[in-house]
Every structure is written in C-alpha cells, then in structure tokens.
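This report refers to the structure that appears directly beneath it.
The values are calculated or read from the model by the stated rules, or taken from the named source; none is laboratory data. Since we're looking at a predicted model, the values are computed, not measured. Here the Cβ is made from the backbone with ideal geometry for all residues, glycine too, and neighbour counts use every protein chain on show. We work out accessible area using only protein heavy atoms, side chains counted, and drop any ligands, DNA or RNA first. Shrake-Rupley method; radii C 1.70, N 1.55, O 1.52, S 1.80 Å.
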Amino acid sequence: MNKRSAIKTILLPGLVLGAFAVPASAQDVGAPRVYDDFPKWSQFPPPPTDVPTPAQIRQQVVALKATAVNLQRTADALPWELKEPDAMAASAKAKIDPVLGAPVETGVDNAATETMAARLRARATPPPVAK
C-alpha cells in the first residue's frame with residue numbers, strides 16, 4: 001500500500017461521516033421532543049360532502065363533449081370562403097339603414113377645405129438640410 005492510498009483509507013470514513021453529521025445546535029440531546037404543537041385528529045376538517053360521484057363526473061364530461069361536437073358542427077356549417085363577395089356585400093348593404101350609412105353633412109364647403117389643405121401643405125415644406 002502506497003502512502004497516498006493509506007491517507008485515503010484513513011480520511012475517507014471521516015469525510016463520509018462528516019458529510020452526514022448533524023450540526024451541534026440540532027443535537028440537543030438533553031431536551032426531549034415535544035409533539036404538542038401537532039394538530040389533533042379532532043382539529044382536522046370533516047371530509048367534503050358535495051364531491052360528485054364518478055357517474056356524475058362522467059355525465060358532465062359526456063355533456064361537455066356533446067357541446068363541443070355541436071359547436072364544431074355549427075362552425076363547420078359557416079361559409080368560410082368568399083366565393084361570391086359581390087352578393088355578400090350587396091346583402092350586407094341591404095341590411096344597413098341608408099340614413100345611418102349616408103355621409104355626415106357638416107355644412108362646410110369641400111372646395112374651401114381643399115384650398116385650406118393645399119395652403120397648409122405648402123407651408124409644411126421642411127427647410128433644406130445643411131450639409
């Protein structure tokens with residue numbers, strides 16, 4: 001046995017035991033353990049009484065799956081492609097009240113508005129950038 005293996009043989013058990021050693025503060029051997037702070041069986045709440053039975057849970061799952069199937073059938077029946085967009089647009093326009101769909105009368109002259117917009121665009125020309 002060489003010197004290195006002899007040192008390992010001496011130190012290894014001490015290192016293993018030291019890894020599992022309990023700190024001195026936790027080793028209060030003189031004080032007995034007290035279990036008074038644990039709850040008593042009488043302090044536990046009663047078991048719930050409104051828990052559904054497995055048959056009731058199954059009924060709820062079956063009903064939920066049936067609702068999902070009905071929803072999928074309804075969604076599948078909807079037209080998802082616009083094969084005739086002009087007919088759909090005409091149908092939608094027919095449902096709109098023509099008074100509510102008409103442009104709002106503001107009483108402002110469109111020519112005056114366009115003239116003012118042209119003046120403002122001319123004034124908004126940015127100054128030249130210095131190089």
Residue set Arg58, Arg73; condition surrounded by 10 or more Cβ atoms within 10 Å (Cβ to Cβ), part of a helix (DSSP H, G or I) and of a type in the set (Lys, Arg); output residue Arg58
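Just to be sure before I move on: is Thr106 open to solvent by 80 Å² or more (accessible area, probe 1.4 Å), of a type in the set (Val, Ile, Thr) and either at pLDDT below 85 or assigned to a helix (DSSP H, G or I) (or both) in the structure I sent? Let's see the steps before the verdict.
Details: open to solvent by 80 Å² or more (accessible area, probe 1.4 Å): yes; of a type in the set (Val, Ile, Thr): yes; either at pLDDT below 85 or assigned to a helix (DSSP H, G or I) (or both): yes.
Considered against the rule, which asks whether it is open to solvent by 80 Å² or more (accessible area, probe 1.4 Å), of a type in the set (Val, Ile, Thr) and either at pLDDT below 85 or assigned to a helix (DSSP H, G or I) (or both), Thr106 comes out as yes.
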